[in-house]
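The block underneath contains the structure these notes are about, expressed in C-alpha coordinates.
The values are calculated or read from the model by the stated rules, or taken from the named source; none is laboratory data. Quick caveat: nothing in here was measured; it's all calculated off a predicted structure. Counting neighbours? That spans all protein chains shown, and the Cβs are built from the backbone with ideal geometry, glycine included. These accessible areas exclude ligands, DNA and RNA; they are computed on the full protein's heavy atoms, side chains included. Shrake-Rupley method; radii C 1.70, N 1.55, O 1.52, S 1.80 Å.
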Amino acid sequence: MKIVDATVVVTSPGRNFVTLRVTTDEGPTGLGDATLNGRELAVVSYLSDHVIPLLIGLDPHRVEDTWQSLYRGAYWRRGPVTMAAVAAVDVALWDIKGKAAGLPLYQLLGGASRDRVRTYGHANGKDIPELLDSVRARLAEGYQAVRVQSGVPGLKAVYGVHTTHEDGSPVLHQQARPLVEDWDTDAYLRHAPAVFEAVRAEFGEELPLLHDAHHRLTPVQAARLGKDLEPYRPFWLEDCTPAENQEAFRLIRRHTTTPLAVGEVFNTVHDYQTLITEQLIDYVRSAVTHFGGITPLRKLADLAALHQIKTAPHGPQDISPVGMAAAVHLDLAVHNFGIQEYAGHEPLTDEVFRHAYTFTDGHLHPGEAPGIGVELDTKAAAAHPYDAAYLPVNRLQDGTVHDW
Ligand code: GCO
Ligand code: MG
(Lines give C-alpha, C1' and ligand atoms only; values in the text may rest on other atoms or scores of the structure.)
(Ligands and ions follow the chains in the order given, each with its own letter.)
Protein backbone atom coordinates (compact mmCIF):
# COMPACT_ATOMS: atom_id res chain seq x y z
CA MET A 1 0.00 0.00 0.00
CA LYS A 2 1.15 3.56 -0.77
CA ILE A 3 0.11 7.04 0.29
CA VAL A 4 -1.09 8.80 -2.88
CA ASP A 5 -2.55 12.00 -1.48
CA ALA A 6 -2.99 14.00 1.72
CA THR A 7 -5.04 17.13 2.33
CA VAL A 8 -5.64 19.46 5.26
CA VAL A 9 -9.25 20.35 6.00
CA VAL A 10 -9.92 23.48 8.08
CA THR A 11 -13.49 23.82 9.28
CA SER A 12 -15.30 25.81 11.96
CA PRO A 13 -18.57 24.10 12.93
CA GLY A 14 -18.84 26.04 16.20
CA ARG A 15 -15.06 26.39 16.60
CA ASN A 16 -11.98 25.82 14.43
CA PHE A 17 -10.66 22.34 13.73
CA VAL A 18 -7.74 21.23 11.56
CA THR A 19 -7.87 17.70 10.15
CA LEU A 20 -5.37 15.78 8.03
CA ARG A 21 -6.82 13.30 5.53
CA VAL A 22 -4.42 10.73 4.07
CA THR A 23 -5.44 8.70 0.98
CA THR A 24 -3.89 5.40 -0.15
CA ASP A 25 -3.79 3.63 -3.51
CA GLU A 26 -5.63 0.63 -2.05
CA GLY A 27 -8.64 2.52 -0.76
CA PRO A 28 -8.39 3.15 3.01
CA THR A 29 -8.16 6.78 4.03
CA GLY A 30 -6.99 7.97 7.44
CA LEU A 31 -7.85 11.01 9.57
CA GLY A 32 -5.72 12.84 12.13
CA ASP A 33 -6.53 15.86 14.34
CA ALA A 34 -4.05 18.77 14.13
CA THR A 35 -6.04 21.44 15.98
CA LEU A 36 -3.92 23.90 18.00
CA ASN A 37 -6.40 26.32 19.54
CA GLY A 38 -5.61 29.93 18.60
CA ARG A 39 -2.62 29.00 16.37
CA GLU A 40 -4.41 26.72 13.89
CA LEU A 41 -2.99 28.04 10.63
CA ALA A 42 0.63 27.55 11.71
CA VAL A 43 -0.05 23.79 11.81
CA VAL A 44 -1.89 23.95 8.47
CA SER A 45 1.23 25.44 6.87
CA TYR A 46 3.57 23.00 8.65
CA LEU A 47 1.56 20.11 7.23
CA SER A 48 0.84 21.44 3.74
CA ASP A 49 4.21 23.05 3.06
CA HIS A 50 6.59 20.71 4.86
CA VAL A 51 5.03 17.33 5.71
CA ILE A 52 2.59 16.31 2.98
CA PRO A 53 5.24 16.42 0.23
CA LEU A 54 7.26 13.88 2.26
CA LEU A 55 4.33 11.50 2.73
CA ILE A 56 3.50 10.84 -0.90
CA GLY A 57 4.72 7.38 -1.93
CA LEU A 58 5.34 6.11 1.65
CA ASP A 59 3.97 2.80 2.93
CA PRO A 60 1.28 3.88 5.46
CA HIS A 61 1.86 0.70 7.49
CA ARG A 62 5.26 2.04 8.62
CA VAL A 63 3.84 4.08 11.50
CA GLU A 64 6.85 4.03 13.84
CA ASP A 65 9.33 4.71 11.03
CA THR A 66 7.26 7.62 9.70
CA TRP A 67 6.97 9.08 13.22
CA GLN A 68 10.73 8.84 13.76
CA SER A 69 11.53 10.35 10.39
CA LEU A 70 9.18 13.33 10.92
CA TYR A 71 10.49 13.88 14.47
CA ARG A 72 14.20 13.36 13.89
CA GLY A 73 14.28 14.31 10.22
CA ALA A 74 13.15 17.91 10.77
CA TYR A 75 16.23 18.48 12.99
CA TRP A 76 14.14 21.18 14.82
CA ARG A 77 12.40 18.97 17.35
CA ARG A 78 9.47 19.36 19.69
CA GLY A 79 7.12 22.31 20.16
CA PRO A 80 3.33 22.40 19.85
CA VAL A 81 3.14 23.21 16.13
CA THR A 82 5.55 20.44 15.12
CA MET A 83 4.03 17.86 17.45
CA ALA A 84 0.43 18.63 16.44
CA ALA A 85 1.43 18.09 12.81
CA VAL A 86 3.29 14.86 13.62
CA ALA A 87 0.29 13.70 15.70
CA ALA A 88 -2.08 14.18 12.78
CA VAL A 89 0.08 11.98 10.52
CA ASP A 90 0.52 9.34 13.23
CA VAL A 91 -3.21 9.01 13.96
CA ALA A 92 -4.10 8.99 10.24
CA LEU A 93 -1.67 6.08 9.72
CA TRP A 94 -3.06 4.15 12.70
CA ASP A 95 -6.54 4.79 11.26
CA ILE A 96 -5.46 3.33 7.91
CA LYS A 97 -3.83 0.34 9.61
CA GLY A 98 -7.05 -0.39 11.51
CA LYS A 99 -9.16 -0.10 8.38
CA ALA A 100 -6.76 -2.34 6.42
CA ALA A 101 -6.98 -4.95 9.21
CA GLY A 102 -10.74 -4.53 9.59
CA LEU A 103 -10.22 -3.86 13.32
CA PRO A 104 -10.95 -0.95 15.66
CA LEU A 105 -7.73 0.75 16.72
CA TYR A 106 -7.95 -0.43 20.35
CA GLN A 107 -7.57 -4.01 19.12
CA LEU A 108 -4.25 -3.14 17.48
CA LEU A 109 -3.09 -1.56 20.77
CA GLY A 110 -3.44 -4.82 22.68
CA GLY A 111 -7.22 -5.03 23.01
CA ALA A 112 -9.53 -3.76 25.72
CA SER A 113 -8.18 -3.57 29.28
CA ARG A 114 -11.61 -2.49 30.57
CA ASP A 115 -15.22 -2.49 29.42
CA ARG A 116 -15.67 1.27 29.25
CA VAL A 117 -13.81 4.52 29.72
CA ARG A 118 -14.63 6.67 32.76
CA THR A 119 -14.94 10.40 32.04
CA TYR A 120 -15.32 13.66 33.88
CA GLY A 121 -17.42 16.60 32.73
CA HIS A 122 -17.18 20.34 33.35
CA ALA A 123 -19.31 22.20 35.89
CA ASN A 124 -18.87 25.97 35.93
CA GLY A 125 -20.63 28.86 37.63
CA LYS A 126 -20.07 32.57 38.04
CA ASP A 127 -20.80 31.96 41.74
CA ILE A 128 -21.38 28.96 44.02
CA PRO A 129 -25.18 28.62 43.49
CA GLU A 130 -24.69 28.68 39.70
CA LEU A 131 -21.91 26.09 40.03
CA LEU A 132 -24.17 23.78 42.08
CA ASP A 133 -26.80 23.99 39.31
CA SER A 134 -24.12 23.14 36.77
CA VAL A 135 -22.99 20.08 38.79
CA ARG A 136 -26.65 18.98 38.90
CA ALA A 137 -26.88 19.35 35.12
CA ARG A 138 -23.76 17.20 34.56
CA LEU A 139 -25.07 14.49 36.90
CA ALA A 140 -28.38 14.53 34.98
CA GLU A 141 -26.37 13.94 31.78
CA GLY A 142 -24.89 10.84 33.38
CA TYR A 143 -21.44 12.07 34.42
CA GLN A 144 -20.03 10.29 37.45
CA ALA A 145 -17.11 12.66 38.02
CA VAL A 146 -17.13 16.45 37.68
CA ARG A 147 -14.56 19.24 37.38
CA VAL A 148 -15.70 22.26 39.39
CA GLN A 149 -14.74 25.84 38.47
CA SER A 150 -16.28 28.91 40.07
CA GLY A 151 -16.06 32.67 39.56
CA VAL A 152 -14.13 34.50 42.29
CA PRO A 153 -15.76 37.43 44.13
CA GLY A 154 -14.35 40.69 42.77
CA LEU A 155 -13.11 39.23 39.47
CA LYS A 156 -15.04 39.75 36.24
CA ALA A 157 -13.95 36.65 34.33
CA VAL A 158 -12.41 33.40 35.49
CA TYR A 159 -11.14 30.36 33.57
CA GLY A 160 -13.90 27.89 32.76
CA VAL A 161 -16.70 30.35 33.46
CA HIS A 162 -18.40 32.05 30.53
CA THR A 163 -19.05 35.76 31.02
CA THR A 164 -21.92 37.56 29.31
CA HIS A 165 -22.26 40.75 27.26
CA GLU A 166 -24.65 43.46 28.48
CA ASP A 167 -27.45 41.89 26.38
CA GLY A 168 -26.93 38.55 28.18
CA SER A 169 -25.32 36.73 25.21
CA PRO A 170 -22.22 34.69 26.15
CA VAL A 171 -18.72 36.10 25.62
CA LEU A 172 -17.09 33.02 24.15
CA HIS A 173 -13.48 32.24 24.92
CA GLN A 174 -12.79 32.20 21.19
CA GLN A 175 -12.41 35.81 20.08
CA ALA A 176 -11.13 37.55 16.94
CA ARG A 177 -8.85 39.52 19.30
CA PRO A 178 -7.74 38.04 22.62
CA LEU A 179 -10.29 38.75 25.34
CA VAL A 180 -8.59 40.28 28.40
CA GLU A 181 -9.58 38.61 31.68
CA ASP A 182 -8.63 39.74 35.19
CA TRP A 183 -6.93 37.74 37.91
CA ASP A 184 -6.10 37.98 41.62
CA THR A 185 -4.41 34.90 43.11
CA ASP A 186 -5.07 35.81 46.76
CA ALA A 187 -8.81 36.25 46.12
CA TYR A 188 -8.85 32.88 44.33
CA LEU A 189 -6.96 31.08 47.13
CA ARG A 190 -9.39 32.47 49.71
CA HIS A 191 -12.42 31.37 47.67
CA ALA A 192 -11.46 27.89 46.36
CA PRO A 193 -11.87 25.93 49.65
CA ALA A 194 -15.35 27.45 50.12
CA VAL A 195 -16.28 26.20 46.64
CA PHE A 196 -15.27 22.65 47.52
CA GLU A 197 -17.00 22.88 50.89
CA ALA A 198 -20.28 23.92 49.23
CA VAL A 199 -20.11 21.22 46.57
CA ARG A 200 -19.34 18.50 49.14
CA ALA A 201 -22.17 19.76 51.39
CA GLU A 202 -24.62 19.51 48.49
CA PHE A 203 -23.45 16.32 46.73
CA GLY A 204 -21.80 14.29 49.49
CA GLU A 205 -18.42 12.66 49.96
CA GLU A 206 -18.41 10.15 47.13
CA LEU A 207 -18.65 12.20 43.94
CA PRO A 208 -15.15 12.52 42.41
CA LEU A 209 -14.40 16.27 42.17
CA LEU A 210 -11.62 17.72 40.04
CA HIS A 211 -10.27 21.25 39.78
CA ASP A 212 -8.08 23.07 37.24
CA ALA A 213 -5.87 25.91 38.54
CA HIS A 214 -4.77 26.54 34.92
CA HIS A 215 -1.08 27.32 35.58
CA ARG A 216 -1.80 30.39 37.73
CA LEU A 217 -0.06 29.73 41.04
CA THR A 218 3.51 29.83 42.29
CA PRO A 219 4.78 26.54 43.78
CA VAL A 220 4.24 27.70 47.36
CA GLN A 221 0.72 28.97 46.52
CA ALA A 222 0.00 25.61 44.89
CA ALA A 223 1.20 23.82 48.03
CA ARG A 224 -1.14 26.01 50.13
CA LEU A 225 -4.12 25.25 47.87
CA GLY A 226 -3.37 21.52 47.83
CA LYS A 227 -3.32 21.53 51.64
CA ASP A 228 -6.49 23.63 51.96
CA LEU A 229 -8.39 21.29 49.63
CA GLU A 230 -7.28 18.08 51.38
CA PRO A 231 -10.32 17.92 53.72
CA TYR A 232 -12.56 17.74 50.62
CA ARG A 233 -10.53 14.94 49.04
CA PRO A 234 -10.28 16.21 45.45
CA PHE A 235 -9.74 13.58 42.76
CA TRP A 236 -7.00 15.93 41.52
CA LEU A 237 -5.65 19.43 41.35
CA GLU A 238 -4.67 20.16 37.74
CA ASP A 239 -1.92 22.43 36.39
CA CYS A 240 -1.41 24.12 39.75
CA THR A 241 1.80 25.86 38.61
CA PRO A 242 3.46 26.26 35.19
CA ALA A 243 5.28 22.96 34.80
CA GLU A 244 8.17 23.95 32.55
CA ASN A 245 9.97 24.08 35.90
CA GLN A 246 9.50 20.43 36.78
CA GLU A 247 11.63 20.73 39.94
CA ALA A 248 8.98 23.09 41.39
CA PHE A 249 6.79 20.06 42.01
CA ARG A 250 9.22 18.78 44.65
CA LEU A 251 8.14 21.65 46.88
CA ILE A 252 4.42 21.14 46.18
CA ARG A 253 4.65 17.39 46.76
CA ARG A 254 6.38 17.86 50.12
CA HIS A 255 3.41 19.81 51.43
CA THR A 256 0.27 18.10 50.17
CA THR A 257 -1.29 14.71 49.50
CA THR A 258 -3.82 16.19 47.04
CA PRO A 259 -3.28 14.22 43.80
CA LEU A 260 -1.67 16.30 41.02
CA ALA A 261 -2.37 16.24 37.27
CA VAL A 262 -0.11 17.91 34.70
CA GLY A 263 0.66 17.92 31.00
CA GLU A 264 -1.98 19.26 28.63
CA VAL A 265 0.49 21.79 27.20
CA PHE A 266 3.39 19.32 27.06
CA ASN A 267 4.38 17.81 23.76
CA THR A 268 7.08 15.22 24.45
CA VAL A 269 8.04 12.71 27.13
CA HIS A 270 11.05 14.89 27.98
CA ASP A 271 8.71 17.53 29.43
CA TYR A 272 7.72 14.93 32.04
CA GLN A 273 11.04 13.32 32.86
CA THR A 274 11.55 14.66 36.41
CA LEU A 275 7.83 14.67 37.19
CA ILE A 276 7.50 10.99 36.37
CA THR A 277 10.80 9.53 37.50
CA GLU A 278 10.60 11.31 40.89
CA GLN A 279 6.90 10.43 41.16
CA LEU A 280 5.95 14.09 41.65
CA ILE A 281 2.54 13.83 39.94
CA ASP A 282 -0.31 11.30 39.76
CA TYR A 283 -1.80 11.82 36.27
CA VAL A 284 -0.26 12.61 32.87
CA ARG A 285 -2.69 14.82 30.93
CA SER A 286 -1.34 14.92 27.37
CA ALA A 287 -3.70 14.65 24.42
CA VAL A 288 -2.99 12.48 21.39
CA THR A 289 -3.42 15.68 19.33
CA HIS A 290 -0.64 17.72 20.97
CA PHE A 291 1.82 14.99 21.90
CA GLY A 292 2.75 13.62 18.49
CA GLY A 293 0.02 10.96 18.30
CA ILE A 294 -0.76 7.47 19.57
CA THR A 295 2.82 6.22 19.08
CA PRO A 296 4.51 8.45 21.71
CA LEU A 297 1.51 8.55 24.06
CA ARG A 298 1.66 4.77 24.45
CA LYS A 299 5.31 5.07 25.41
CA LEU A 300 4.47 7.83 27.89
CA ALA A 301 1.80 5.60 29.43
CA ASP A 302 4.35 2.81 29.86
CA LEU A 303 6.91 5.09 31.52
CA ALA A 304 4.18 6.50 33.78
CA ALA A 305 3.05 2.96 34.71
CA LEU A 306 6.50 2.17 36.13
CA HIS A 307 5.91 4.95 38.68
CA GLN A 308 2.23 4.18 39.46
CA ILE A 309 1.10 7.25 37.50
CA LYS A 310 -2.07 7.06 35.41
CA THR A 311 -3.12 8.57 32.09
CA ALA A 312 -5.87 11.17 31.83
CA PRO A 313 -5.91 12.67 28.33
CA HIS A 314 -6.88 16.29 27.79
CA GLY A 315 -10.37 16.40 26.26
CA PRO A 316 -11.74 19.95 25.92
CA GLN A 317 -13.91 20.98 22.97
CA ASP A 318 -10.82 22.14 21.09
CA ILE A 319 -9.71 18.52 20.63
CA SER A 320 -11.75 17.50 17.56
CA PRO A 321 -13.85 14.31 17.49
CA VAL A 322 -10.93 12.79 15.54
CA GLY A 323 -8.53 13.50 18.42
CA MET A 324 -11.13 12.39 20.94
CA ALA A 325 -11.73 9.09 19.13
CA ALA A 326 -7.99 8.35 19.07
CA ALA A 327 -7.81 9.05 22.82
CA VAL A 328 -10.76 6.79 23.65
CA HIS A 329 -9.16 3.84 21.80
CA LEU A 330 -5.96 4.35 23.80
CA ASP A 331 -7.94 4.78 27.05
CA LEU A 332 -9.67 1.45 26.52
CA ALA A 333 -6.38 -0.32 25.80
CA VAL A 334 -3.71 0.95 28.23
CA HIS A 335 -3.63 -0.72 31.64
CA ASN A 336 -2.80 2.42 33.64
CA PHE A 337 -5.67 4.52 32.31
CA GLY A 338 -7.12 6.89 34.94
CA ILE A 339 -9.89 9.12 33.60
CA GLN A 340 -10.78 10.87 30.32
CA GLU A 341 -11.82 14.52 30.23
CA TYR A 342 -14.89 14.77 28.03
CA ALA A 343 -16.54 18.10 27.34
CA GLY A 344 -18.55 16.74 24.38
CA HIS A 345 -19.00 18.73 21.17
CA GLU A 346 -21.76 20.87 19.76
CA PRO A 347 -24.29 19.05 17.53
CA LEU A 348 -22.94 21.03 14.55
CA THR A 349 -19.44 19.65 15.17
CA ASP A 350 -20.79 16.09 15.39
CA GLU A 351 -22.57 16.58 12.04
CA VAL A 352 -19.25 17.33 10.34
CA PHE A 353 -17.33 14.61 12.22
CA ARG A 354 -19.53 11.52 12.47
CA HIS A 355 -18.05 9.30 15.13
CA ALA A 356 -18.51 5.73 16.33
CA TYR A 357 -17.62 6.52 19.95
CA THR A 358 -20.57 6.73 22.31
CA PHE A 359 -21.20 8.32 25.71
CA THR A 360 -23.41 6.40 28.19
CA ASP A 361 -23.70 6.79 31.98
CA GLY A 362 -20.62 8.96 32.17
CA HIS A 363 -18.49 6.50 30.20
CA LEU A 364 -17.17 6.48 26.65
CA HIS A 365 -16.66 3.52 24.33
CA PRO A 366 -14.76 3.84 21.02
CA GLY A 367 -17.15 1.55 19.10
CA GLU A 368 -16.25 -1.28 16.77
CA ALA A 369 -15.77 0.55 13.45
CA PRO A 370 -12.39 -0.25 11.86
CA GLY A 371 -9.61 2.30 12.55
CA ILE A 372 -10.50 5.24 14.81
CA GLY A 373 -14.14 5.22 13.68
CA VAL A 374 -14.62 8.81 12.48
CA GLU A 375 -15.94 9.96 9.09
CA LEU A 376 -15.32 13.54 7.98
CA ASP A 377 -18.19 14.95 5.91
CA THR A 378 -16.12 17.19 3.64
CA LYS A 379 -19.17 18.88 2.12
CA ALA A 380 -20.55 19.80 5.54
CA ALA A 381 -17.04 20.90 6.60
CA ALA A 382 -16.78 23.27 3.62
CA ALA A 383 -19.95 25.05 4.76
CA HIS A 384 -18.11 26.27 7.90
CA PRO A 385 -15.01 28.25 6.88
CA TYR A 386 -12.14 29.15 9.24
CA ASP A 387 -13.01 31.82 11.76
CA ALA A 388 -9.95 33.63 13.21
CA ALA A 389 -9.99 33.14 16.99
CA TYR A 390 -7.70 33.59 19.98
CA LEU A 391 -7.68 32.33 23.55
CA PRO A 392 -7.97 35.06 26.23
CA VAL A 393 -5.04 36.64 28.04
CA ASN A 394 -4.99 37.32 31.78
CA ARG A 395 -3.96 40.54 33.55
CA LEU A 396 -3.54 41.20 37.25
CA GLN A 397 -5.37 44.11 38.88
CA ASP A 398 -2.41 46.44 38.16
CA GLY A 399 -2.31 45.45 34.48
CA THR A 400 0.58 42.95 34.58
CA VAL A 401 0.16 40.00 32.19
CA HIS A 402 -0.34 36.73 34.10
CA ASP A 403 -0.64 33.09 32.99
CA TRP A 404 -4.13 32.41 31.63
C1 GCO B 1 -8.78 21.68 30.17
C2 GCO B 1 -8.01 22.81 29.59
C3 GCO B 1 -8.65 23.55 28.46
C4 GCO B 1 -7.70 24.59 27.85
C5 GCO B 1 -7.95 24.69 26.39
C6 GCO B 1 -7.06 25.70 25.69
O7 GCO B 1 -8.37 21.21 31.21
O8 GCO B 1 -9.74 21.26 29.54
O9 GCO B 1 -7.35 23.56 30.55
O10 GCO B 1 -9.89 24.09 28.75
O11 GCO B 1 -7.87 25.83 28.46
O12 GCO B 1 -7.78 23.44 25.82
O13 GCO B 1 -7.26 25.62 24.32
MG1 MG C 1 -6.68 22.04 32.01
Rounded, prolate or oblate (a/c below 1.5 giving rounded, otherwise prolate when a/b exceeds b/c) for the range 3-103 by Cα gyration tensor: oblate
Charge-dipole axis of the chain as Lys and Arg at +1 and Asp and Glu at -1 on Cβ define it, positive-most pick from L58, Q149, L179: L58
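Could you work out [θ]222 nm for the chain from helices alone, using -39500 (n - 2.57) per DSSP H run of at least four and dividing by all its residues? Round to the nearest 500 deg cm²/dmol.
Details: 14 runs with 141 residues, N = 404.
Estimated from H runs of four or more residues: -10500 deg cm²/dmol.
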Length added when fully stretched, V220-Y390, from 0.36 nm per residue minus Cα-Cα: 58.2 nm
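If you add up the charges near R354, with Lys and Arg at +1 and Asp and Glu at -1, over every other residue whose beta carbon is less than 9 angstrom from its beta carbon, what do you get? If you can, show how the numbers build up before the last one.
Values: positive: none; negative: D350, E351, E375, D377.
Result for the neighbourhood of R354: -4.
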Carbon + sulfur, % of accessible area of the chain - ligands and nucleic acids excluded, 1.4 Å: 51
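Which value, in Å², gives the accessible area per residue of the chain when a 1.4 Å probe is used on the protein heavy atoms?
Working: 16610 Å² over 404 residues.
For the chain, the solvent-accessible area averages 41 Å² per residue.
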Residue-wise HN-Hα coupling along the range 46-59, computed from phi with Karplus coefficients 6.51, -1.76, 1.60 (Hz; x: Gly, Pro): 4, 5, 5, 7, 10, 10, 4, x, 7, 7, 4, x, 6, 7
Highest-first arrangement of 323-335, 90-102, where packing means the average Cβ count within 10 Å: 323-335, 90-102
Contour excess over end-to-end distance, with Cα ends at D115 and E346 and 0.36 nm allotted per residue: 80.5 nm
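Would you work out the Kirkwood radius for the chain? I mean one over the mean of 1/r across all pairs of different Cα atoms, in Å. Spell out each step's value before the answer.
Numbers: mean 1/r = 0.0464 Å⁻¹.
Radius from the Kirkwood sum: 21.6 Å.
Highest mean first, how do 32-40, 226-234 rank when packing is the count of other Cβ atoms within 10 Å averaged over residues? Intermediate values should be presented prior to the final figure.
On the way: 32-40: 24.0, 226-234: 17.2.
By packing density, highest mean first, the sequence is 32-40, 226-234.
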Label-point separation, D127 to D302 (7 Å along Cα→Cβ), nm: 5.3
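Answer rounded, prolate or oblate for the range 272-404, using the Cα gyration tensor with square roots of eigenvalues a ≥ b ≥ c: rounded when a/c is under 1.5, else prolate when a/b is larger than b/c, else oblate.
Numbers: a/c = 2.22, a/b = 1.10, b/c = 2.02.
In terms of gyration-tensor shape, oblate.
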Under-21-angstrom lysine pairs by C-alpha in the chain, whenever the two are 8 or more apart or on separate chains: 5
Cα-centre dipole for the chain with unit charges at Cβ (Lys and Arg positive, Asp and Glu negative), debye to 20: 800
